[in-house]
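Laboratory data are not the source of any read-out in this text; all were calculated from the coordinates shown. Everything numeric here is computed off the predicted structure, so don't read it as measured data. For neighbour counting, all protein chains shown are included, and Cβ atoms are generated from backbone atoms with ideal geometry for every residue, glycine included.
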Amino acid sequence: MNRDAAKARVDARIDGERLWQSLMAMAEIGATPGGGSGRIALTDSDRQARDLFVKWAKEAGLAVRVDRIGNIFARRAGTDAKAPPVLAGSHLDTQPLGGRFDGVYGVLAALEVLRALDDHGVETRSPLDAVVWTDEEGCRFAAGMVASGVFAGKVALADALRLADPDGVTIGVALEKIGYAGPAPVGGVPVAAYFEAHIEQGPVLEAEGKTIGVVLGAQARRYFRVSVAGEEGHAGTLPMDRRKDALVGAARMVVALNALAFTFAPRPVITVGDLRVRPNSRNTIPGGCVFVIDSRHPEDAMLDRIEAAMRRACGEIAAAAGLGIAIEDLSRSDATRFDDRCITTVRRAAERLGLAHRDIHSGAGHDACNLALAAPTGMIFVPCEKGISHNETENAKPEDLAAGADVLLQAMAEWAR
Ligand code: GLV
Ligand code: MN
Ligand code: MN
């Protein structure tokens, strides 16, 4: 690449207004009454969001490819077609009552970078892909980060396609239904680097007045499905001391799990936010209750100990109440340390752009944690209002989102040289 192109690459800036307009247009898909977005993975609203992304990508002259697990890659060609691509992206699916920025920002920031490079006539040696990863959130199929896991070789494609939602619909069937079971093989190709821009989803950057979080890594996360088996019975006739109430057992477990979190230092976070009762009828004693535990800690070894304690606590409660119990591993993501070179790239880009920054660890899981298993990976955080996320009121400032996308542009351009 000649000197002029190299200079243009550094000088090129994203269009913050276009990025904001794209975010707001995307937020209309699955808009919730409280001002957020509800696009659960592989539902019709997820399809609409994907369709809009693909439309924009094609309008920008990008070549779109969809793989077997529904990941979408929108490619801007480089000068060397054989060079491994630099990838950037995130997810378009949201929580049921999600915000307008979690995930979608990383996807549209990547798209905006490719648009801006075109506007400024910047060529890169490596191709650049803006990527949509399927089902990051995991609120429907209860695993999360599944498709990036397949891409990185951590999860077998067949296992991912078989994952089912509570109605028994598998990822494979849901992908076919929305038309995103693509023809391309999943992963197995060299990647020069992966970068993901995301709102922080925590309060640190805003509180310290920093625009950019240079993400060093992410904490470990494990999901378990707990099935408690009791016995259905008539709510009016069966005396209290003769019941095997699965919901009462599960409720005791939820309280015990919450208390257990306070007994470890440093403290983990343990959450039960998904609980289903069978048959869920007001005048039948619950015969079954299934809930999902979300447990996280910065250290894998501590999470081993916490897992053992959680299993013991639930087992003891079930035994004392004469209830059956089964605890199934759903998914795990070990503690992640991002690539030192990518971390330096992000920090240097923030400095070059004159943006206040600090190093930070991610409490949330991200597709980047999986990509880190397969390629040099880095993340860029920007502040969000009061650190609120997984909430319809999630909010971020247009200027911070633009700054993060500018850092992303610098990072991608540097690795695509
Ligand atoms: C992703 O949304 C997570 O739960 O960390
Ligand atoms: Mn996210
Ligand atoms: Mn999320």
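Could you give me the percent of Cα pairs per 10 Å distance bin for region 101-220, shortest bin first, beginning at zero and ending with the bin that holds the maximum distance?
Over region 101-220, the share of Cα pairs per 10 Å bin runs 10, 33, 34, 19, 4 percent.
Sort 351-357, 92-98, 44-50 for me by packing, meaning the mean count of neighbouring Cβ atoms within 10 Å per residue, highest on top.
Those peptides, ordered most packed to least, come out 92-98, 44-50, 351-357.
Quick one: which residues, 5+ away or cross-chain, put their amide H under 5 Å from the amide H of Val382? H built at 1.01 Å from N.
His198, Ile199, Glu200, Gly213
Compute, for region 220-333, the length of the dipole vector about the Cα centre, with Cβ point charges of +1 (Lys, Arg) and -1 (Asp, Glu) only. Units Debye, rounded to 20.
Charge dipole, region 220-333, about its Cα centre: 160 debye, nearest 20.
Please give the calculated 222 nm ellipticity per residue for the chain, where each DSSP H segment of at least 4 residues contributes -39500 (n - 2.57) and the sum is spread over every residue; nearest 500 deg cm²/dmol?
-11000 deg cm²/dmol
May I ask you to sort Val407, Val269 by Cβ crowding, counting other Cβ atoms within 10 Å and putting the fewest first?
Ascending Cβ contact count within 10 Å gives the list Val269, Val407.
Over the alpha carbons of the chain, what is the largest minus smallest coordinate on each principal axis, giving the biggest first in Å?
83, 45, 39
Using Cα-Cα distances under 8 Å and only pairs 6 or more residues apart, what relative contact order does the chain have, in percent?
Answer for the chain is 24 percent.
Alpha carbon centre of region 158-196 versus region 9-49: separation in Å?
Comparing the Cα centres of region 158-196 and region 9-49, I get a distance of 21 Å.
Quick one: compute the contact order of region 220-333, relative version, from alpha carbon pairs under 8 angstrom and 6+ residues apart, as a percent.
Result for region 220-333 is 46 percent.
Could you check how many percent of all C-alpha pairs in region 220-333 are farther apart than 16 Å?
The share of Cα pairs beyond 16 Å in region 220-333 comes to 58 percent.
Calculate how steeply helix 44-59 sits against the longest principal axis of the alpha-carbon atoms of the chain, using the helix alpha-carbon long axis, and give the answer as 0 to 90 degrees to the nearest 10.
10
Per 5 Å bin from zero, what fraction in whole % of the C-alpha pairs of region 49-161 is there, up to the bin with the longest pair?
Bin by bin from 0 Å, the calculated values are 2, 12, 21, 22, 18, 13, 7, 3, 1.
Which ³J(HN,Hα) values in Hz, rounded to whole numbers, follow from the phi angles of region 330-347 under the Karplus curve 6.51 cos²θ - 1.76 cosθ + 1.60, where θ = phi - 60° and Gly and Pro get x?
The phi angles translate into 9, 6, 9, 10, 6, 4, 10, 10, 6, 5, 4, 5, 5, 4, 5, 4, 5, 4 Hz.
Based on other C-beta atoms within 10 Å, arrange Thr170, Thr377, Thr134, Thr336 from fewest to most.
Ordered from fewest to most neighbouring Cβ atoms within 10 Å, Thr170, Thr377, Thr134, Thr336 come out as Thr170, Thr336, Thr377, Thr134.
What nm value, rounded to one decimal, do you get for the distance between Ala301 and Arg13 when each label is placed 7 Å out toward the C-beta?
That separation, rounded to one decimal, is 4.8 nm.
Can you give the direction-averaged projected area of the convex hull of the alpha-carbon atoms in region 298-340, in nm²?
If you wrap the Cα atoms of region 298-340 in a convex hull and average its projections, you get 3.7 nm².
From the phi of every residue in region 372-383, what ³J(HN,Hα) in whole Hz does the Karplus formula 6.51 cos²θ - 1.76 cosθ + 1.60 yield, where θ is phi - 60° and glycine or proline is x?
With coefficients 6.51, -1.76 and 1.60, one gets 4, 6, 10, 7, x, 9, x, 10, 10, 9, 10, x Hz.
Determine the distance separating the Cα centre of region 346-401 from the Cα centre of region 217-239; give it in Å without decimals.
Cα centroid of region 346-401 versus Cα centroid of region 217-239: 35 Å apart.
Taking only the alpha carbons of region 339-406, what extent do you get along each of the three principal axes, in Å, biggest first?
34, 29, 17
How much length, in nm to one decimal, is gained on full extension between Lys58 and Arg352, taken as 0.36 nm per residue of separation minus their Cα-Cα distance?
That works out to 102.7 nm of additional length.
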